[in-house]
Structure formats: C-alpha cells, structure tokens
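Just below is one structure, and these are the notes that go with it.
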Amino acid sequence: MGERKTYYVYIMTNKSGTLYVGMTDNITRRLWQHRRALVEGFTKKYNITRLIHHESFTDVYSAIAREKMIKGWVRRKKLDLIESVNPQWHDLSEDCYD
C-alpha cells in the first residue's frame, strides 16, 4: 500500500475581499498556480492570491462534500468560518510551504 493522500479544502481572497473556495490534493502546487495566475478563470480574473482558510482530509469524498457545502453557504457564514480561526485574515500560505 502506498502513502495516504491528503486533500485540502481552502478559501482564498484578494485585496478587496473576494472569496474563492477550492479543493486540491496538493496545496503547495495549487497556491503556486494561483499566485502566478496560471489557471484561466475566476482566480486569475480577480487576482485571488491569499490563503485565509484550509482544512485537510484523508478521504477525497469528504473533501469534495465539504467544498460543496462551503460553496453553498451565504457569504456571512463563510466569513464566520474564516474569522473563527483566522480573525485577522492572515495569509496562511507560509504554513503550506516546506
């Protein structure tokens, strides 16, 4: 049996507070892609570069379900989640780099 994979659900933002919720199996690579605007779409258009919340899972289906759950929330509920663990909205990306 191989190494157990970790999956991440994350919330990122930009200078104006626009929120983006995503899921990945490689948070370091995904942050690098977002910061360099390598993927066309929402995060590139709105310059989403700051990681403000993340959760880890060992089961991909749990991660997908959590991502969908958070995406379905109203903005206020997302803000409550972020501020419950990161009230100052510090960029947490340093925690994800070795």
Residues located in the range 65-93, provided they are in contact with a strand residue (DSSP E or B) (Cβ under 9 Å, 6 or more places away or on another chain), of a type in the set (Asp, Glu) and in a helix (DSSP H, G or I):
67
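Going by the conditions given, is residue 38 more than 12 Å from residue 10 (Cβ to Cβ), at pLDDT below 95 and not acidic (Asp, Glu)? Reasoning before the result, please.
Values: more than 12 Å from residue 10 (Cβ to Cβ): yes; at pLDDT below 95: yes; not acidic (Asp, Glu): yes.
So residue 38 passes the test.
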Mind listing just one residue for me: the one in the range 35-90 that is more than 14 Å from residue 20 (Cβ to Cβ) and under 12 Å from the mean Cα position of the chain (by Cα) and, of those, surrounded by the fewest Cβ atoms within 10 Å (Cβ to Cβ)?
56
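Each row is one residue, and each column tells you yes or no for (1) touching a Lys or Arg at 6+ places or on another chain (Cβ under 8 Å); (2) not in a loop (DSSP other than H, G, I, E, B).
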site	(1), (2)
12	yes, yes
28	no, yes
31	no, yes
39	no, no
Scan the range 10-54 for residues that are on the phi > 0 side of the Ramachandran plot and of a type in the set (A, V, I, L, M, F, W, C) and jot them down.
37
What are the residues in the range 44-64 that are touching a strand residue (DSSP E or B) at 6+ places or on another chain (Cβ under 7 Å), more than 11 Å from residue 9 (Cα to Cα) and among the charged types (D, E, K, R), if any?
50
Taking the range 41-64 and keeping only residues that are in a helix (DSSP H, G or I) and not hydrophobic (A, V, I, L, M, F, W, C), one is left with 43, 44, 45, 61, 62
Name every residue in the range 8-19 that is in contact with a Ser or Thr (Cβ under 7 Å, 6 or more places away or on another chain) and surrounded by fewer than 20 Cβ atoms within 10 Å (Cβ to Cβ), in order of residue number.
14, 19
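The values are calculated or read from the model by the stated rules, or taken from the named source; none is laboratory data. What you see is a predicted model, and the numbers here were worked out from it, not measured in a lab. All Cβ positions, glycine included, derive from the backbone under ideal geometry; neighbour counts span all protein chains shown.
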